[in-house]
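Participant: Sharing a structure below in structure tokens format, with a few things to ask.
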Amino acid sequence: MPDSGAVYDWSISAPQDFWPAVWQFCGIIGDGPGPVNTRPALQRWDGEWFPSARLNFAENLLRFRDDQDAIVSWDESGRRRKLSYAELCEEVSRAALALHALGIQPGDRVAGFLPNITETIIAMLAAAWLGAVWSSCSPDFGTQAVLDRLGQIEPRVLFAADGYRYAGKELDVLDRVEGIRAAIPSIEQVVIVPWLRDVPDVSSVHGAVLWNQFAADSRLSTPDSRLSTRFPFDHPLYIMYSSGTTGLPKGMVHGVGGTLLQHQKEHVLHTDLTRDDRIFYFTTCGWMMWNWLVSALAVGATLVLYDGAPMAPRKDILWDMAAAERVSVFGTSARYLAAAEQEGLAPARSHDLSALRSILSTGSPLAPHSFDYVLRDIGADIHLASISGGTDLISCFALGDPTRPVYRGEIQTRGLGMKVEILDEDGTPIVGRPGELCCTMPFPSRPVSFWNDPDGSRYRSAYFEHYPGIWRHGDWAELTERGGIIIHGRSDATLNPGGVRIGTAEIYRQVEQVPEVVDSVVVGQEWQEDMRIVLFVRLHEGEVLDDALRGRIRRRIREHASPHHVPKMILQVADIPRTVSGKVSELAVREAIHGRPVKNADALANPASLDQFRNLPELGT
């Protein structure tokens, strides 16, 4: 029997056979797949993959209609709700018919400004059922950040919550909802989902109706009539967005077929997900991992949702939830695992995690010490799958492999069917040293298009200018001799002091080991016709950055990375700018320290934090 390495080699050498095999093996419902459109799809990046295929995303995610739990949701107060697959189908049918009554047609946009709750999934599936395009923002987005995104796509319907809870605080967002509605003329209907209050007063939002009123009278006459319309493979399903920290967020349009096919491959083959699993991912509906998680309904697994702060009101609330719900696949961020280690959490000893078999981590590179932490304090027999991809492909270039060993500090394997190579500046594939992470052959979940990009120029500029005809992803990475991947950081934030290219993740891995440091950001400052590395650290309360601590940080980096990695300047700050999806915004800090304007600072969760990086006298010396 061939091993997974041989399967990978086959998947990239015969994609015209591999991708139809995924369709059949995963049991995708639809008319097709039919043959791959070999010449345009495999030699160009803008060809439709399966031109004769027809399918409906919601039909695939609602294939099960029994009493098994489809969704179990928690919030930080411990409030729990659950919905069976049969109940989910009924709720989606009600919402879809209500949207149909409003005249929603295929290609219309339906938007969400919602927490990570059951109603968000129902609204998305209702839109997908009708062939409408779903796009969502988390309620912690500022008004301008929402307008920068949803204002581009002109949604006809906006689903929004009355507010959300985070770290013990209740935050009402109805004023923001009205501001969004008033600023986007295309919005014909606002539907408010009660979340903070059972019956919120929505009179401040012009023309708004409550969720239960919206779908109160909608019901399908027979189950068999639920999902009858199927759409082309590249019919738009989602509009996702770039971070928006370097310009207006780009709207990336993802298709029904590519999204479903890719997610099924990653769930079934790379995660070994089945109907018996209960899968959790800590995410908001403003991050692509929400879309990835929801697709697990197509496998028939139970989704476990959590909305709120990951360490409030108790540091170990996520592990309380994992134990209570018998979560088998636990997804989170590298940052959370590092924070849990710093907090001294040892859930293997404090909780019953006997059902847990896999930990997934993404969002940033997983440091080697976090591999040790999972092994030591979460479970020695757990499959730790660091994964890496992005909003651009709504999936992964590098993932786990349940059949192979996990090596400390490495992502196990490249995604099946994804011809991922590391290229040097000349475009030559390299192994064993860092370079640009690229995909040298098209794949089904590439964006169908960018929004408002009729000639495709912005799309081509985003990925294909550096290496013509090759997808350059923007990660500085390394392919190991055994086929693993090490992500060193973003290549557009790569440091280059004295001509030596350094990935920022290599510095973060060492700084995270310093007990006094809570968070950090490292950037390159233009200095005397070269670049010098500047490290900013946020320390635990009561800690002070003195010369002794600076010395220990520098020594740690020098001994465990290299002398080239050692920052010339280390400065203390009160907060680190992060995007609304939780990623450190190195580019925003870089612009701020150089006195340049930061475009779309409202895309940051904490834009006021940028003020402390401007006009720093220490950086003028």
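The values are calculated or read from the model by the stated rules, or taken from the named source; none is laboratory data. Being a predicted model, the structure only gives us computed values, none of them experimental. Here the Cβ is made from the backbone with ideal geometry for all residues, glycine too, and neighbour counts use every protein chain on show. Accessible surface is based on the protein model in full, side chains and every heavy atom, while ligands, DNA and RNA are left aside. Shrake-Rupley method; radii C 1.70, N 1.55, O 1.52, S 1.80 Å.
Participant: Is it true that some residue in segment 561-583 is open to solvent by 40 Å² or more (accessible area, probe 1.4 Å), part of a helix (DSSP H, G or I) and modelled with pLDDT under 90?
Facilitator: Within segment 561-583, one or more residues are open to solvent by 40 Å² or more (accessible area, probe 1.4 Å), part of a helix (DSSP H, G or I) and modelled with pLDDT under 90.
Participant: Name the pairs whose Cβ atoms lie under 8 Å apart, with the first residue in segment 144-160 and free of Cβ contacts under 8 Å to residues at least 40 places away in the same chain, the second in a helix (DSSP H, G or I) and open to solvent by 10 Å² or more (accessible area, probe 1.4 Å), and 6 or more positions between them or separate chains?
Facilitator: Val146/Arg176; Leu147/Ala183; Gly151/Ala183
Participant: Determine whether Leu353 is open to solvent by 20 Å² or more (accessible area, probe 1.4 Å), farther than 24 Å from Cys137 by Cα and not basic (Lys, Arg). It would help to see each step written out before you state the result.
Facilitator: Details: open to solvent by 20 Å² or more (accessible area, probe 1.4 Å): yes; farther than 24 Å from Cys137 by Cα: yes; not basic (Lys, Arg): yes.
Yes: the conditions hold for Leu353.
Participant: As an exercise: evaluate Val253 against (1) surrounded by fewer than 22 Cβ atoms within 10 Å (Cβ to Cβ); (2) among the aliphatic types (A, V, I, L, M); (3) at pLDDT 95 or above; (4) over 17 Å from the mean Cα position of the chain (by Cα) and give the number of the one condition it does not meet.
Facilitator: Only one criterion in (1) surrounded by fewer than 22 Cβ atoms within 10 Å (Cβ to Cβ); (2) among the aliphatic types (A, V, I, L, M); (3) at pLDDT 95 or above; (4) over 17 Å from the mean Cα position of the chain (by Cα) is unmet by Val253, namely (4).
Participant: Are any residues in segment 412-425 in a strand (DSSP E or B), open to solvent by 10 Å² or more (accessible area, probe 1.4 Å) and in contact with a Pro (Cβ under 9 Å, 6 or more places away or on another chain), and if so, which ones?
Facilitator: Within segment 412-425, just Glu421 meets the criteria.
Participant: If you take the residues of segment 67-79 that are at pLDDT 95 or above and open to solvent by 50 Å² or more (accessible area, probe 1.4 Å), which of them is nearest to the chain's Cα centre (by Cα)?
Facilitator: Per the stated criteria, the residue is Gln68.
Participant: Among the residues of segment 584-620 satisfying the criterion of being touching a strand residue (DSSP E or B) at 6+ places or on another chain (Cβ under 9 Å) and part of a loop (DSSP other than H, G, I, E, B), which is least open to solvent (accessible area, probe 1.4 Å)?
Facilitator: Looking at residues that are touching a strand residue (DSSP E or B) at 6+ places or on another chain (Cβ under 9 Å) and part of a loop (DSSP other than H, G, I, E, B), I get Ser585.
Participant: Another question, then. So which residues in segment 192-223 are open to solvent by 100 Å² or more (accessible area, probe 1.4 Å), under 17 Å from Ala126 (Cα atoms) and either outside any loop (DSSP other than H, G, I, E, B) or modelled with pLDDT of 95 or more (or both), if there are any at all?
Facilitator: Applying the first criterion (open to solvent by 100 Å² or more (accessible area, probe 1.4 Å)) to segment 192-223 yields 197-199, 201, 206, 212-213, 217, 219, 221.
From what is left, the residues that are under 17 Å from Ala126 (Cα atoms) are 212-213, 217, 219, 221.
Selection gives Asn212, Gln213.
Participant: While we're looking at this one, here's another question. Can you find, within segment 468-495, the residue that is most open to solvent (accessible area, probe 1.4 Å) among those that are within 20 Å of Pro405 (Cα to Cα) and of a type in the set (Asp, Glu)?
Facilitator: Glu481
Participant: Additional query: Tally time: how many residues in segment 439-481 are touching a helix residue (DSSP H, G or I) at 6+ places or on another chain (Cβ under 8 Å), under 22 Å from Ile239 (Cβ atoms), among the hydrophobic types (A, V, I, L, M, F, W, C) and part of a strand (DSSP E or B)?
Facilitator: Residues meeting the conditions: 2.
Participant: Still on this model: If we scan segment 93-112, do we find a residue that is in contact (Cβ under 8 Å) with a residue 40 or more places away in the chain and within 18 Å of the chain's Cα centre (by Cα)?
Facilitator: The answer is yes, given that some residue of segment 93-112 is in contact (Cβ under 8 Å) with a residue 40 or more places away in the chain and within 18 Å of the chain's Cα centre (by Cα).
Participant: Return the residue satisfying two criteria in turn: it lies in segment 482-514 and is more than 15 Å from Arg335 (Cα to Cα), modelled with pLDDT of 85 or more and in a loop (DSSP other than H, G, I, E, B), and of such residues it is nearest to the chain's Cα centre (by Cα).
Facilitator: Restricting to residues being more than 15 Å from Arg335 (Cα to Cα), modelled with pLDDT of 85 or more and in a loop (DSSP other than H, G, I, E, B), the top hit is Gly484.
Participant: List pairs: first in segment 113-126 and within 15 Å of Tyr238 (Cα to Cα), second open to solvent by 10 Å² or more (accessible area, probe 1.4 Å) and in a helix (DSSP H, G or I), Cβ under 7 Å, 6+ apart or cross-chain?
Facilitator: Pairs found: Ile122/Glu91.
Participant: Please pick out the residue among Glu425, Glu410 that is at pLDDT 95 or above, closer than 26 Å to Arg509 by Cα and acidic (Asp, Glu).
Facilitator: Every option except Glu410 fails the conditions.
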